[in-house]
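Every number here is computed from the coordinates shown, using simple stated rules; none is lab data. These numbers were taken from a predicted model, which means no experiment stands behind them. Neighbour counts run over all protein chains shown; Cβ positions are idealised from the backbone, glycine included.
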Amino acid sequence: MAQPKKPGINLLPTEFRESGKLTRAKNLLKRTSFAVLGIYLISLTFLVGANFFLSSIENDRRENHAQKVQEVEALAAQEKLTLVAKERVKIAQNIFTTLSVTPVDLIQETLSSISPGILITQLEASEGTVNLAALAQNSSSLDFFFERFGEQFNTVEESRFTSILLDGLSRREDGSLSFSLVFK
Amino acid sequence: MKNLDINTLAKKYTAKYKAFVLPLSILLVILALSATFGKDLVLASLEKRERINVLNNKIQILENKKATLQSLDQTALAEQVTITLRAVPSAPSTLPTLASLKQLATQTGIVIENFNVSEQSTEEEAAAREVSFTFSMQADLNNTLEFLEQMRQTAPLTKVTKVTFSSPQAGSSEVNFVSFWSPISDTLPPTDTSFEALTQSERQAIENLKELRGVTIQEENLPTPQGRFNPFEL
């Protein structure tokens, strides 16, 4: 049988007595402190555990990584051979790109425009430019050359030249005409 | 009117809130600890996780690389390297170019004279280095062009830079061209970088290089890799 609660005697002066509200706040604070402490300890335990677990995984991965590195290092000869081949193929492909239009191609295109009665005296082809010096037997040969020449370069859609410049034209004592062209 | 003594008030409030000091202190200490050790632990865990992810990626790359390297046919690879080294030698290409040119001149019956060679100083980092050649030819225009066309199909790779016919009818011309070479690097990239075997287009390019004519000059053995690049090295 429960004993009835005896009334306590508080001898403190009224101004020093705790109010009910203050007691509740104190109790709440106490409980909160302990709850936070509990959560903190649980979290700390979890974090330490997780850290330890992650450390062991990291060590395991490191060992695995070191082992794989050794295995790949053992195949360095194959890697080297492949890289040498790749490097050289890349260089060759770059060279082939620059070989798409060579002086030889330019000369061949230039020569295709030469008509009968025209005598080439000098021909110089470097990358992208052809200098042609020639003699025309007479003015009709030159007219024919320019006419054919104009037709050819107007109709050829994929000519390697974008501009053709008449660099000089002079008549010689024997009646022939000397001229020079710059193809670019 | 009530007499308000400061000492009485201080005693009153000290007694009232004394009970709060201990739990409040505990709370503050816990919060301070959480902000220091707890935060450090969380950060350490996150860093470890990040490192593990990086290691996992590297291991995956290494596994793929190992599988690719193991699948390579060493004999075929050595042959492919020989072909590419014939096209782009690892040492100055003067001798192999001269040999190929001589062979071509003999085959076509063209006379080559006034031969000049100069090795151009190129930047150390340049992938392809050049050797310049100049020579005169005694052949008519068509034969000269045919000769130059055949030069394009010889190894080592060459590029005609200038052709001058000073007297096309007399059959005299001067040719400037360069041939290419590239030293082999002594180092390999870091082990855990990804690796790709020769692609289809690269194999096709090698097949095209195989068609190049020319003499084969024994290359030096490939140098053993001396080390790998340190990506963190300045």
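Taken over segment B:44-107, the ratio of Cα radius of gyration to 2.2 N^0.38 Å equals 2.15. For chain A, the membrane-span-like helix rule (DSSP H, alpha carbon extent of at least 30 Å along the helix axis, mean Kyte-Doolittle at least -1.0) picks out A:20-73, A:76-98; this says nothing about an actual membrane.
For the segment B:84-90, counting C-beta atoms of other chains within 10 Å of every residue's C-beta and taking the mean gives 4. Of A:86/B:66; A:184/B:159; B:65/B:159; A:86/A:184, which pairs sit farther than 28 Å apart, going by alpha carbon to alpha carbon? The pairs that break the limit, which is 28 Å between Cα atoms, are B:65/B:159; A:86/A:184. Across chain A the C-alpha pair distances fall into 5 Å bins from zero in the proportions 1, 6, 8, 8, 6, 5, 4, 3, 3, 3, 3, 3, 3, 4, 4, 4, 4, 3, 3, 3, 3, 3, 2, 3, 2, 2, 1, 1, 1, 0, 0 percent. Extension gain for residue A:76 to residue A:174 (0.36 nm times residue separation, less C-alpha to C-alpha distance): 27.8 nm. Using a cutoff of 8 angstrom between alpha carbon atoms and counting only pairs six or more residues apart, the relative contact order for chain A works out to 14 percent. Sorted on the mean count of surrounding Cβ atoms within 10 Å across their residues, most packed first, peptides B:49-56, B:139-146 read B:139-146, B:49-56.
Per residue of peptide A:92-105, the mean number of Cβ atoms on other chains within 10 Å of the residue Cβ is 6.
Mean per-residue shielding of peptide A:113-123 is 2, counting Cβ atoms of other chains within 10 Å of each Cβ.
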